[in-house]
Amino acid sequence: MRGKAYAAERAVRLLVMAVYLVVMVFPLYWMLITSLKPQKDIFSLPIYYWPKTFTLANYENIFKITKFHVYIFNSVIVSLSAAVIVLAVATLSSYVLARHKFRGSGQIMFFFFLTQVIPAFIGFAPLYLMLSKMNLVNTTQGLILIYTVMGIPFSTIMLKGFFQRVPSSLEEAAQIDGCSRLGALIRVILPVMLPGLSATFIFSFVQNWNELFFSVIVINSEHLKTIPVAMNSFITKFDVDWGSMSAATVLSVIPTMILFALCQRLIVQGLTQGAEKG
Amino acid sequence: MNGSDRSVPAVIDKPRNSRSAIWFIAGCLAPAVLLVLVFTYYPMLRGVTMAFQNYTLFDLSDARFVGFGNFKEILDNPQFITALKNSVYWVFFSLICQFVLGFGIALLLKNRFFGRGFYQGMIFFPWAMSGFLIGLIWRWLYNGQIGVINNLLIKIGLIDTPIPFLSSPKWGMFAVITANVWYGIAFFAIMLLAALQSVPEEISEAAEVDGANRLQRLFRITIPYIMPTILTTVILRIIWIMNFPDLIYAMTNGGPAGSTHILATYMMDKIIFGGDYGKASAVGVVMMVVLVLFMVFYFAAARREKAGDF
């Protein structure tokens, strides 16, 4: 009797999980096969759930009628630069917050945490005006500055969690051996922290890669556009051209999916420990 | 720290830092703190004052203070009231569905099984995508003529003619909320799974020996045990959903006729298309006030329940 109940329960479990998996994967699958269909199959009935004919025409199309290779290049430059600066700045701040007890350390953590809670959009317009005073509107540097500032607080919180898992006896030993504080951090701790650092770096890169509104506001010139800015203008430009739209979506998702897949476990760890500590 | 700190008795909980340590701490913190102070906190405070100014991008010469003028104007605007109501629906329904479904998935994933890592990876992937792209994908799925959702509904016989999901005021909010639920389930699943895995087996086993059935164990032992995580994740999520315009922006951009605007998209609309920073900031301040009031109630209730250690 008990055995039968277990088998039934197992079947229900499997069914629920399978349904959920299909629901999660289907939208992406649909975008992918749309991008591989010829135009006439996309816009006519009946709808094919598996393409009748495969074509790369949509991909060729976006490179032909837009400067998609330029957008990709810009996105890489902006996301990478900001992620590198964020990592450097946040490594220093999080290391100190994780290792040293000093008056005000709690307040500084709260200072970083609060930026994650108050709606950032309130600062949107003033920040734009600041950029324009600094002559950084419509420049790659302006966007890098914004992404750097937006990334620092969360990366500090995330890295602090990773630092706390590294035993402090490590750098104490290094300092007894004559390393300076910074030397101990760079030569002894950072190599041990490599997984945590790469997870934080990738998370920050993906955030920059995906950001929409600031880039739309800051960038106007065709040759400076990042992928989201370009896709935002696609909506109006090719409102009905879902072939190009889906191809652009697939192209812009691939890098971030690969990066996330590489260190998914560590990113999850970094995010969950943040939430558990509040 | 330095060698002399070691001799300090353990009773003193904050060890004194030497002068070189203080310089090291200050030097390491300065770049992060200064950047965030200048480019995050200053603009936010300036944004709050802008809400009381007549501040439009097209006429900066007339940036006079207008008291509560912007607030009066937006409150008189029926579009704002719609956006306010929609924000409540948006947060409430998205959150409830994401939480319940995410918790269910977390319970299913708690026990080891073959391929669990892979499965987790597959349901985790929306996190790698931007809200904007998710919105585009769902805009295509919900397409009123040749969208696959309409096609499926017709195939299984639920409807005869396609529903114009994104261009009808009746269905718009439903469409954007379902997309948001899809996007957010994984967040709760992953967070709650981590919490579930921290519940010691012995407690649950002891209760099983005492004759508690599975539901009793879930509600009397597991849930109270992970309550602090639940409360934190829920509040973080509420804030996040409230401030999340990307998905609606991509799916409907607030349309048709403003019927799917939430406060966040309404505000972005005022900035991007209107250049009206004064009113946009006023909307932002309203959002902040709503969130702060909500958090005060939330934490008061959480404390009364003695459920979490905030």
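The values are calculated or read from the model by the stated rules, or taken from the named source; none is laboratory data. Just so it is clear, the model here is predicted, and its values are computed rather than measured. Don't worry about glycine lacking a Cβ; one is built from the backbone with ideal geometry, like all the others, and counts go over all protein chains shown. Note: accessible area is taken over every heavy atom of the protein model, side chains too, but ligands, DNA and RNA are not part of it. Shrake-Rupley method; radii C 1.70, N 1.55, O 1.52, S 1.80 Å.
Side notes on the structure shown:
- Residues of the stretch B:17-32 satisfying the condition of being facing another protein chain (nearest Cβ under 7 Å) and within 28 Å of A:Pro126 (Cα to Cα): B:Cys28, B:Leu29, B:Pro31, B:Ala32
- Test for B:Asn143: is it free of Cβ contacts under 8 Å to residues at least 60 places away in the same chain, at the interface with another protein chain (Cβ under 9 Å from one of its Cβ atoms) and open to solvent by less than 40 Å² (accessible area, probe 1.4 Å): yes
Let's see how each residue does on (1) touching a strand residue (DSSP E or B) at 6+ places or on another chain (Cβ under 9 Å); (2) in a helix (DSSP H, G or I); (3) of a type in the set (Gly, Ala, Ser); (4) open to solvent by 40 Å² or more (accessible area, probe 1.4 Å):
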site	(1), (2), (3), (4)
B:Gln216	no, yes, no, yes
B:Phe219	no, yes, no, yes
B:Thr222	no, yes, no, no
B:Ile230	no, yes, no, no
B:Val234	no, yes, no, no
B:Arg237	no, yes, no, no
B:Ile248	no, yes, no, no
B:Gly254	no, no, yes, no
B:Ala257	no, no, yes, yes
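- Applying the set (1) at pLDDT 95 or above; (2) more than 10 Å from chain B (Cβ to nearest Cβ) to A:Ile146 leaves exactly one unmet item: (2).
- Of all residues in the stretch A:1-25, those being among the basic types (Lys, Arg) and within 19 Å of B:Lys110 (Cα to Cα) number 2.
- Filtered residues of the stretch A:110-136 (kept if open to solvent by 40 Å² or more (accessible area, probe 1.4 Å) and either touching a residue at least 40 places away in the same chain (Cβ under 8 Å) or not charged (D, E, K, R) (or both)): A:Phe110, A:Phe113, A:Leu114, A:Gln116, A:Ala120, A:Tyr128, A:Ser132, A:Met134, A:Asn135
- Of the candidates B:Ser61, B:Ser7, the single residue that is at pLDDT below 65, of a type outside the set (A, V, I, L, M) and either open to solvent by 80 Å² or more (accessible area, probe 1.4 Å) or in contact with a strand residue (DSSP E or B) (Cβ under 8 Å, 6 or more places away or on another chain) (or both) is B:Ser7.
- Residue satisfying all of: in the stretch B:98-140; in a loop (DSSP other than H, G, I, E, B) and free of Cβ contacts under 8 Å to residues at least 12 places away in the same chain; farthest from the other protein chains (Cβ to nearest Cβ) among these: B:Arg112
- Residue check, B:Gly157 free of Cβ contacts under 8 Å to residues at least 60 places away in the same chain and open to solvent by less than 40 Å² (accessible area, probe 1.4 Å): no
- Filter result for the condition that a residue is more than 28 Å from B:Leu108 (Cα to Cα) and basic (Lys, Arg), over B:Arg217, B:Arg139: B:Arg139
- Qualifying residue in the stretch A:37-49 (condition: under 22 Å from A:Thr256 (Cα atoms) and within 11 Å of chain B (Cβ to nearest Cβ)): no
- Check on A:Met150, part of a helix (DSSP H, G or I) and in contact (Cβ under 8 Å) with a residue 40 or more places away in the chain: yes
- A single member of A:Lys101, A:Lys67 is free of Cβ contacts under 8 Å to residues at least 12 places away in the same chain, of a type in the set (D, E, K, R) and assigned by TED's automatic domain parsing to the domain that holds A:Leu259, and it is A:Lys101.
- Meets criteria (within 27 Å of B:Arg237 (Cα to Cα), among the β-branched types (Val, Ile, Thr) and more than 8 Å from every other protein chain (Cβ to nearest Cβ)) for A:Ile108: no
- Residue check, B:Val66 more than 30 Å from B:Ala194 (Cα to Cα) and surrounded by fewer than 19 Cβ atoms within 10 Å (Cβ to Cβ): yes
- Filter result (among the β-branched types (Val, Ile, Thr) and either touching a Lys or Arg at 6+ places or on another chain (Cβ under 9 Å) or open to solvent by 50 Å² or more (accessible area, probe 1.4 Å) (or both)) within the stretch A:190-211: A:Val192
- Between A:Met17, A:Met31, A:Met24, the distinction of being touching a Ser or Thr at 6+ places or on another chain (Cβ under 6 Å) and within 13 Å of chain B (Cβ to nearest Cβ) belongs to A:Met31 only.
- Hits in the stretch B:262-287 - residues which are touching a residue at least 40 places away in the same chain (Cβ under 8 Å) and within 13 Å of B:Ser87 (Cβ to Cβ): B:Ile262, B:Leu263, B:Ala264, B:Thr265, B:Tyr266, B:Val283, B:Gly284, B:Val286, B:Met287
Quick grid of which residues meet (1) closer than 16 Å to B:Ala179 by Cβ; (2) of a type outside the set (Val, Ile, Thr):
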site	(1), (2)
B:Asn86	yes, yes
B:Trp90	yes, yes
B:Ser94	yes, yes
B:Ile105	no, no
B:Phe114	no, yes
B:Gln120	no, yes
B:Phe124	no, yes
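- All positions within the stretch B:153-190 that are within 14 Å of chain A (Cβ to nearest Cβ) and outside any helix (DSSP H, G or I): B:Ile156, B:Thr161, B:Pro162
- Within the stretch B:69-103, the set of residues being within 19 Å of B:Phe273 (Cβ to Cβ) and open to solvent by 40 Å² or more (accessible area, probe 1.4 Å) comprises B:Glu73, B:Asn77, B:Pro78, B:Gln79, B:Thr82.
- Among the numbered conditions (1) at pLDDT 90 or above; (2) within 13 Å of chain B (Cβ to nearest Cβ); (3) more than 30 Å from A:Leu182 (Cβ to Cβ), the only one that A:Tyr71 does not meet is (2).
- Of residues in the stretch B:142-152 being in a loop (DSSP other than H, G, I, E, B) and under 13 Å from A:Tyr48 (Cα atoms), the one farthest from the chain's Cα centre (by Cα): B:Ile146
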